[in-house]
1. Name the long-range amide H neighbours of L96: under 5 Å, sequence gap of 5 or more, or other chain; modelled H, no Pro or chain starts.
2. Answer rounded, prolate or oblate for the chain, using the Cα gyration tensor with square roots of eigenvalues a ≥ b ≥ c: rounded when a/c is under 1.5, else prolate when a/b is larger than b/c, else oblate.
3. Residue farthest toward the positive end of the dipole of the range 7-191, with Cβ of Lys/Arg at +1 and Asp/Glu at -1: which of L103, Y180, A92?
4. Shape verdict for the range 81-198, please, from the Cα gyration tensor: rounded (a/c under 1.5), prolate (a/b greater than b/c) or oblate.
5. For n ≥ 4 DSSP H runs only, could you compute -39500 (n - 2.57) per run for the chain, divide by its residues and tell me the 222 nm figure to the nearest 500?
6. From the phi angles alone, apply the Karplus equation (6.51, -1.76, 1.60; θ = phi - 60°) to the range 166-178 and give each ³J(HN,Hα) in whole Hz, x where the residue is Gly or Pro.
Amino acid sequence: MPAPVPAGARLRRALPNALTVLRIILLPVFLWLLLGARSPERALAALVIIGLSDWADGFLARRWHVVSRFGATVDPLADRLTVLVVLGGLGAAGYLFWWVLLLVLVPDVVLALTAALLFRGPPALEVSRLGKWRTAFLLAGLPTVLLGNTAPLLDTPVSGAGLLLVLAGIAGHLLAAAQYTARMVRLRRATGQAEGPR
């Protein structure tokens, strides 16, 4: 009979994943505060919590050396979902142009189609350093854009700084998408056979 897992170890395993789930749950709350309640200040607070939970789950997982299949699969999906939902919300609120969302969404669709054609699902590829920087720029720039729209005296400089961060993130996103596509093609050629999702 296996030895019982100590409560502290169970907590260390569960907490990073719980923070990832919390981030996903807060996304519709953010949208409602921004578009339904018309409260950009509260929406910004929700977005800050989302960003902090994203940082905290990665920090704790690394500090505690906790790796789970759930975290490895859901955390990058939560990152991508966060970016798309926040971009869409800010576009619908009139704080960003819609083409910004398209520049993020179209490469994601191309990647998904490439993965489906080559592997019948997403292959096991590590997140590149460029992909991490892309996400960091976007998750820093989007709240900054919203902050500029909640502080009239700082509107132009803060919104401008946020837009520059977002554009840097989008440039990284396009480059990372090209990088992932090339890696998938190389992997397909190397294996010579379809690889199912993990």
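Derivation of every value follows stated rules applied to the coordinates shown; laboratory data play no part. None of these values were measured; they are calculated from a predicted model. Don't worry about glycine lacking a Cβ; one is built from the backbone with ideal geometry, like all the others, and counts go over all protein chains shown.
1. G91
2. oblate
3. Y180
4. Prolate.
5. Value at 222 nm, helices only, nearest 500: -27500 deg cm²/dmol.
6. Each residue's phi maps through the Karplus curve to give 4, 5, 5, x, 5, 4, x, 5, 5, 5, 5, 4, 5 Hz.
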